[in-house]
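Structure record follows, encoded as structure tokens.
The values are calculated or read from the model by the stated rules, or taken from the named source; none is laboratory data. A quick note: this is a predicted structure, and the numbers were derived from the prediction, not measured. In this analysis, Cβ positions are derived from the backbone assuming ideal geometry, glycine residues included, and neighbour counts consider all displayed protein chains.
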Protein chains: 2
Amino acid sequence: MVDIHSAIASLDWSKEPQGLYAPIAYTLRAGGKRLRPQLALTACRMFGGREEDALPAALALEVFHNFTLLHDDVMDHAEVRRGRETVHVRWNENTSILSGDQMMIEAYRLLSQVPADKLHKTLRWFNEMATEICEGQQYDVDFEQREDVRLEEYIEMIRLKTSVLLANALRTGAYIAGAPDEAQQAIYDCGIHLGLAFQIQDDLLDVYGDPKTFGKAIGGDICCNKKTYLLLTARDRADEVQRTRLAEWLKHAPGKEKIAGMTALYDEIGVRGIAEQAIAQHTAEALGLLDTLPQNEATDFLRQLANKLENRTS
Amino acid sequence: MVDIHSAIASLDWSKEPQGLYAPIAYTLRAGGKRLRPQLALTACRMFGGREEDALPAALALEVFHNFTLLHDDVMDHAEVRRGRETVHVRWNENTSILSGDQMMIEAYRLLSQVPADKLHKTLRWFNEMATEICEGQQYDVDFEQREDVRLEEYIEMIRLKTSVLLANALRTGAYIAGAPDEAQQAIYDCGIHLGLAFQIQDDLLDVYGDPKTFGKAIGGDICCNKKTYLLLTARDRADEVQRTRLAEWLKHAPGKEKIAGMTALYDEIGVRGIAEQAIAQHTAEALGLLDTLPQNEATDFLRQLANKLENRTS
């Protein structure tokens, strides 16, 4: 079996100019769950493919994902990622832009190494996915300026920004292994649901996570009035009195008091339970789709992963 | 014959979210010489290929080139491009980053439409070229912090940053038309020389250009002590007295006085003549390589282009 962690670690960034490549090494060696390449390799195994054939695409997806983090961190002015300084803090913004660009190119370089007869479709899907991720990021930005964001719009945004990458990882692995078309679609849809569950969980952890295990500060989304699943649900479910209080907390300056006040309001409206239910539902949908696919250790692995993501604390 | 200007104009950017796509339309509709796609189509014609087959790669190269301008303008804090506000001035930096990213993806999407049997090599070359351009940009940044940049290093930097894109446009067009390997190499090398001539000319125009036709302010490179072909040549050729005066002008605050002083010193050292000679030499090399290739209207077109670039004023 391919060890994705050592495969990523063995990518060579020692070349010149180091001003370009050192930040890439720094980013890719920060660890992380390597969820996306794992999904690609697991889907490949599920359909009896050779993991080596899916490895270039798996690596491409991980490098691309990390590229998006680099540029997103600049755009969001994020200072910490995986417990370390972000690249634009450690170096500068120009470095994040240029090394990020180079990471996208590296992703395409890796992708071009998939078996030749699979290249065309793999590349087309990758391009569609990459575009959808940029569109999702743009909607995320747009939503900051809008007060009328509907919950369905938010779901569509996180589908684009988070889900399509997981879905495409699964579909690409399955396709490279020679899975039938309907199975490719089913595993893609499975990834969409996993991604939605993952992102709603992310929103939940921002408020209800354990600061010791979460890795980021609790309440970050609350402080910047980010329109998360929790906030949009609270707004939709609040009664008139609660809505007035919500509006007041939104005007409140960032800080401990605001976090405590908003959390208490979320508790009162029952937002946590609603979010947990949505996560459980998307996880169930994903598991249901897995039942329609070949049953083997790979399918079991994805089941465990789905359950682990549902109960994750970081 | 394919009209590259209308082919670029007909790319559709009316889709949502407009926050992502409007800056791309703005960038690609700013005009410009469309030099890179012209090179790809011309090389294709030279070897009897169908221009339609080379069009996706030609468009990909133009979109990629414009992507690099978008990100470079952010990194350089440039405010004007082709006589209009740059994207980060008209919108903001985050827009330049994200719409730029999407342009790179669009370039790959266009590239994936080249004839299937030509995709693998075209993609591999494109990736190599894209990486070299990023490396060139990084060296350009690195050189700002270094006082010991050698002229050869500068030439290597502009080869990466400017030449490989022209060279790859020519090679890709020739390859898609079915040109023999040696001809692909010759036309690539021709592009390298054209690019070096182009960039040295750019350095020259910054000082000796006509502000009415140049489109940018004269003396921009002088004001920021940019290590151009002119400055590095001046430093290498200056006698001891001139070197002291050069060092003083470099410490001088940006402005009219500095531009006039440095230009007078360049005149005295004879930098203009040396640069013009280098441009003529690279143009001659390019023309010599064209003589080894099939002789037809496409070859003539490239000859005219080489001469036009040598004598360009903008």
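A few points about this structure:
- Restricting A:L20, A:L39 to residues that are assigned to a helix (DSSP H, G or I), more than 18 Å from A:A174 (Cα to Cα) and not polar (S, T, N, Q) narrows the list to A:L20.
- The criterion of at least 3 residues that are within 11 Å of chain A (Cβ to nearest Cβ) and farther than 22 Å from A:S96 by Cα is met, among helices (runs of 4 or more DSSP H) falling completely within region B:79-165, by B:93-111, B:116-144.
- Test: residue in region A:52-60 that is more than 14 Å from chain B (Cβ to nearest Cβ) and surrounded by fewer than 16 Cβ atoms within 10 Å (Cβ to Cβ): yes
- Filter result (farther than 19 Å from A:L165 by Cβ and surrounded by 24 or more Cβ atoms within 10 Å (Cβ to Cβ)) within region A:103-139: none
- For B:L69, the conditions (1) touching a strand residue (DSSP E or B) at 6+ places or on another chain (Cβ under 7 Å); (2) within 10 Å of chain A (Cβ to nearest Cβ) all hold with the exception of (2).
- Test: residue in region B:36-46 that is in contact (Cβ under 8 Å) with a residue 12 or more places away in the chain, hydrophobic (A, V, I, L, M, F, W, C) and surrounded by fewer than 24 Cβ atoms within 10 Å (Cβ to Cβ): no
- At least 2 residues being touching a residue at least 24 places away in the same chain (Cβ under 8 Å) and either closer than 21 Å to B:E152 by Cβ or hydroxyl-bearing (S, T, Y) (or both) is the threshold, and among the helices (runs of 4 or more DSSP H) wholly inside region B:171-233 those reaching it are B:181-208.
- Test: residue in region B:13-30 that is at pLDDT 95 or above, of a type outside the set (D, E), surrounded by fewer than 20 Cβ atoms within 10 Å (Cβ to Cβ) and on the phi > 0 side of the Ramachandran plot: no
- Qualifying residue in region B:26-35 (condition: in contact (Cβ under 8 Å) with a residue 24 or more places away in the chain, in a helix (DSSP H, G or I) and closer than 24 Å to B:M1 by Cβ): yes
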